[in-house]
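What follows is a set of notes on a single structure, which appears directly below.
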Amino acid sequence: MEVFTEKALLLEVLNTICDKLEIKSSALVFLNRSYSDSDIQNLFSFLAKIEIKKSPVTSNQLASEIQKIKPDTSLQTAQRTVDELITAFQSENRFPWILSQLGH
């Protein structure tokens, strides 16, 4: 992403505000990682199925699913994304079953 595009500047401001106020948001994770609407819908569909069925899940499985949804994502980036999403989901009180499976 170019440094001075409108999107880059807006993300910088949003990240700064969220950091200062200690806000953790899955929406910001998705914005920072340039997820499309379809990417987010696919991931949330995957997560909802796990949550509803109370299926066991690991962070490695979540990282693998992220790589399926966004094939250009490295394993390291997918794992960082999982960590960021876990923190955001805790803050947002989302996916409590999944969080419990991951020790949170």
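Below is a table of values for the structure above.
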item: Of residues in segment 80-104 being in contact (Cβ under 8 Å) with a residue 24 or more places away in the chain and not in a helix (DSSP H, G or I), the one farthest from the chain's Cα centre (by Cα); result: 102
item: Checklist (1) loosely packed, with under 15 Cβ neighbours inside 10 Å; (2) at pLDDT 95 or above applied to residue 2, failing item; result: (2)
item: Unmet requirement for residue 49, which otherwise passes all of (1) crowded, with 17+ Cβ neighbours inside 10 Å; (2) touching a Ser or Thr at 6+ places or on another chain (Cβ under 9 Å); (3) outside any loop (DSSP other than H, G, I, E, B); (4) not hydrophobic (A, V, I, L, M, F, W, C); result: (1)
item: Residue check for residue 85: of a type outside the set (Phe, Trp, Tyr), out of contact with any Gly (no Cβ under 6 Å at 6 or more places or on another chain) and surrounded by fewer than 15 Cβ atoms within 10 Å (Cβ to Cβ); result: no
item: Those residues of segment 52-79 which are buried (at least 17 other Cβ atoms within 10 Å of the Cβ) and not in a helix (DSSP H, G or I), in sequence order; result: 57, 70, 73
item: Search result, residues across segment 7-43 that are part of a helix (DSSP H, G or I) and in contact with a Phe, Trp or Tyr (Cβ under 9 Å, 6 or more places away or on another chain); result: 26, 29, 39, 40, 43
item: Residues (of a type in the set (Val, Ile, Thr) and closer than 14 Å to residue 89 by Cα) located in segment 13-39; result: 23, 29
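The values are calculated or read from the model by the stated rules, or taken from the named source; none is laboratory data. Predicted model only: the values in this text are computed from it and were never measured. Note: ideal-geometry Cβ built from the backbone for every residue, glycine included; neighbour counts use all protein chains shown.
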